[in-house]
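Below: the structure, in structure tokens.
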Amino acid sequence: MLEKTNRDGQLLRRVLLATLGMTVLLGCEDRAPEQTPQLKVYRHAMDQATVDLDPAAAATIYSTFVVNNVYDTLFMYKYLARPYALKPNLAATLPEVSADGLSYTIRLRRGVKFIDSPAFDNGQGREVTAADVVYSMMRHFDPATRSQGAWLWQGRIQGLDQWAAAGADYSKSVSGLELVDSHQLRIHLTRPYPQLPYTLANAFSAVVPKEAVDHFGREFSRNPVGSGPFELVSFDTSKAVLRANEGFRSVPVDLAEEGFDPAVHGELGIEAIAGRSPPFVDELEFHFVPESSARWAAFRRGEVDFTLAPNEVLDLTLAQTSPPQMAEELQTDYRMRVATEPAVLFNIFNMDSEGFGQHTDPLQNERQHALRCAIIAGFDWQQHNERFYFDLGEIFPGVIPPDVAEFDPNLSTDSVIRDVDYAKRLLAEHGWTAENLPLLTFGVPGSITQRNIFEQFRSFMLDIGYPRDKVVLQQFATFGDLNRAWKRSELPIINKGWGLDYPDAENILQLFYGPNRTPGSNDGNYQNDQYDLWYEKASVMQPGPERTELYRSMNRLLIDDCAAITGLSRTQVLMWNRRAIAYPDRAMVGGFYLRFVDVVED
Amino acid sequence: MSRWAAQLCWSILGTYVAIAVGVWCGLWGQNYDLAGGPKWGGISSDYWLGTNLIGQDIFARSLTSVATALQTGLMVGGLATMAGALAGACAGYWRGRWPDRILLWLMGVIDAIPFVLLAAAIAYALGAQFIAVALAMILTLWVPVARLVRAETQKLRTMPYVESAQIIGVSPVLIILRHILPNTWHLLMAQGLLVMVAALKAEVVLSFLGIGSQASVSWGVMIAESTQEVASGRFNNFLAASIPLFGLVFVLGSLADFFQSRRAGDSRASGPMQA
């Protein structure tokens, strides 16, 4: 045993000496220092992973962010302008709309190329043409694509639904998608659809080459071939790495055109990108970190440049909330933006539900209207905002949020101010007592935050005289289960958030349009003939003062009918490292901003 | 465990029971769901342990959670122990025959599924009400009791007093009820307490996951709430739930040890108890 130990020791000494010798020899070698260029890398943390890079599956913000940067859409949102405004992207100009609003003519930029890919004959990217745009829209209606975005144009474009019903044969043309020439197309609609340009800025509408779809087949979702500012290098469940597309067209930044406002953006150093053509970083990394504390820790360690500040650290992050100001110790390393989500958080009454909804008997209808109004008056938006959104959310009357142009800043805020006495009086005047108040079931997905939201709601209802045992919680295992209950009209109140798919109030107002009742998007089964009339009139109108006034009238009608406890737009605290020159945005309509991000080394 | 330690454990358990009885009688902990306080309020004369995110009184919630825990523990511990004792005695008495084979198959099936997963699935399927949660736990927790009692019964059925009863024609049911189960009393006490502990912990886990009882509050709910608070240095909710939970589990576990040690002592001193 002792001998063996000695032999082992000798062997170890020899190995160590040999290693040392090799190290010295290597150290003495006369080698030129490596000339590795310093890459500019921007690392963006996201709270969920992107799972599919096919534009036809870009239904989540996580997919949207990657898709919008590797593909091109015809239009995009201006970098800095709020409310959001469109500008041409792959298109050369904004569309020309016919007088009847039924035809949109769109010209494409010339010389825009897809990235090189084995999908193409010679491996080199070819020019993007109008035929690619037409193909990209048609494939949403091809059952083989399993598109999640066909709803954008369903029943809207002449012949497209029929083409799908007839077998989705790409050799046959669609009458509503007319190719004027190689770089110009004309879209013919079945009825006016003023929101069409917005849909063409959506990631679903990103332009893909047919060769790539055919070449990669099922793998197309992991092998994007686009003409966007970046191209994919690697992609897995924890990270997506993109590098700048060297062949990306030159489009110098016109800051005034992008909506630059020195008062808002002046401190961010954004002037540095004026006149330069994006993208400005060599590599763009998406880090998928679902656990909020891990994401925050990675941000604080400098492993990522951007994160949403998690709720649990907000009170440490913010020195004050009104106006929001970052804690002093963080200011040297980070920048912050408190951004209102283009979304509405509300509790919609189910008008089909016993006790709460609309009733055929006028007297009972009036009682139930009074009950809804009392519940609305008993809800404390200020406390809700303070407890769950750190007082950062924006409370507003009605359903049109402040982030869209149709928002009415002069609308009375009475409907969002709590008045318990008024609520009690309403109930008493209309014969509601603890005994005859209907059961108020509040459905939530199973999470502690949602349970807290219910408990706060119950507390508000107790204050107006609702008995404790009549405000009950019904938890659902998943949001999908809850959504099914809404669609089956099983719950008297639908507490939901609605994020805008495009910055037009129509996207929210359609939630109350009678013909959209469940299982359509009108979960509350709201029915008002006057509302429907106005909606039908406004939905075919181009943006303008007349349409805005109609939208606002519909909004007021919803308030008068006590159709929903509304509303609040949540805010997100976006934080990024000072080395990044950026004006981040997390909204569904965002994601385009990443091409404008620059990085300056310390 | 020494006698004074056991007395201390009984006293602590008595305190828990007194708190729970006070809640059931409406003496305290009734406003656990009112959100009238400040957000994350500190300790004060109004709120002895501060308030949570939505301004609820953490002290009141902790008191009510004691009642929830004991309600769950007593109901599940009692019923699961009784069910397990009867099933185990039947299986052991008719060892190798069809009641034994069916019960062994059933126990094997239930054992094959992780306990919390099975309880969660049953609770979810039945609608996450208190009765559903308790039933889910009873349906799973009777099994370990039954296994132990089955083994003990196999030993007891060879005892002369059981064989004498069989010879004089006493019915098997009466033999089980009069001669076998009373002799498993210490075993059942210890097992009953351990089942209570398992039920308490399962209730906390199910509530933490959001599939516990929705009509009341529980330490599991409070711990779930605290996950959003500890990162910013707020430990009131976490401590107000975890310390009483630890205390109750520790006391019940210690009393189970006490009964087991007494049984071992009795066994050494005088062999199996005679009816």
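Quick look at the numbers
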quantity: Summed residue charge, Cβ within 15 Å of B:Ala224's Cβ, Lys/Arg positive, Asp/Glu negative; calculated: -1
quantity: Distance between region A:159-190 and region A:404-470 - C-alpha centres, whole angstrom; calculated: 50 Å
quantity: Magnitude of the charge dipole, chain A, Cβ model with Lys/Arg +1 and Asp/Glu -1, debye to 20; calculated: 1040 debye
quantity: Burial ranking of peptide ranges B:13-25, A:221-233 (average Cβ count within 10 Å, highest at the top); calculated: A:221-233, B:13-25
quantity: Rg to Rh quotient for region A:451-602, alpha carbon positions, Kirkwood Rh; calculated: 1.06
quantity: For region A:550-573 versus region A:270-291, the gap between their alpha-carbon centres in whole angstrom; calculated: 36 Å
quantity: Convex hull of region A:343-569 built on C-alpha atoms - directionally averaged projected area, nm²; calculated: 11.8 nm²
quantity: Number of partner chain Cβ atoms within 10 Å, mean per residue of A:461-471; calculated: 1
quantity: Most mobile listed residue (B:Ala67, B:Ala256, B:Ala151) in chain B, GNM with C-alpha springs under 10 Å; calculated: B:Ala151
quantity: Computed [θ] at 222 nm, helices only, for chain B once each DSSP H run of length n ≥ 4 contributes -39500 (n - 2.57); calculated: -23500 deg cm²/dmol
quantity: Under the Debye formula (equal points on every Cα, no solvent term), log10 I(q)/I(0) of chain A at q = 0.08, 0.11 Å⁻¹; calculated: -0.65, -1.13
quantity: Ellipticity estimate at 222 nm from DSSP helix runs (n ≥ 4, -39,500 (n - 2.57)) divided over chain A, nearest 500; calculated: -8500 deg cm²/dmol
quantity: GNM top mover of B:Ala69, B:Ala35, B:Ala91 - chain B, alpha-carbon springs below 10 Å; calculated: B:Ala35
quantity: Neighbouring partner chain Cβ atoms per residue of B:35-43, average, 10 Å criterion; calculated: 3
quantity: Shielding score for A:384-396, defined as the mean number of other chain Cβ atoms within 10 Å; calculated: 1
quantity: Chain B, Cα convex hull volume normalised per residue, Å³; calculated: 145 Å³
quantity: Relative contact order (percent, whole number), region A:343-569, Cα cutoff 8 Å, 6+ residue spacing; calculated: 34 percent
quantity: Calculated log₁₀ intensity ratio I(q)/I(0) where the Debye formula runs over C-alpha points of region A:121-255, q = 0.15 Å⁻¹; calculated: -0.85
quantity: Residue of B:Phe258, B:Phe250, B:Phe130 that the Gaussian network model of chain B assigns the largest fluctuation, springs spanning Cα pairs under 10 Å; calculated: B:Phe250
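A short reminder: the numbers here are calculations on the coordinates, not readings from a lab. The structure displayed is predicted, hence computed values, not measured ones. Glycine also receives a Cβ, built like all others from the backbone with ideal geometry; neighbour counts cover every protein chain displayed.
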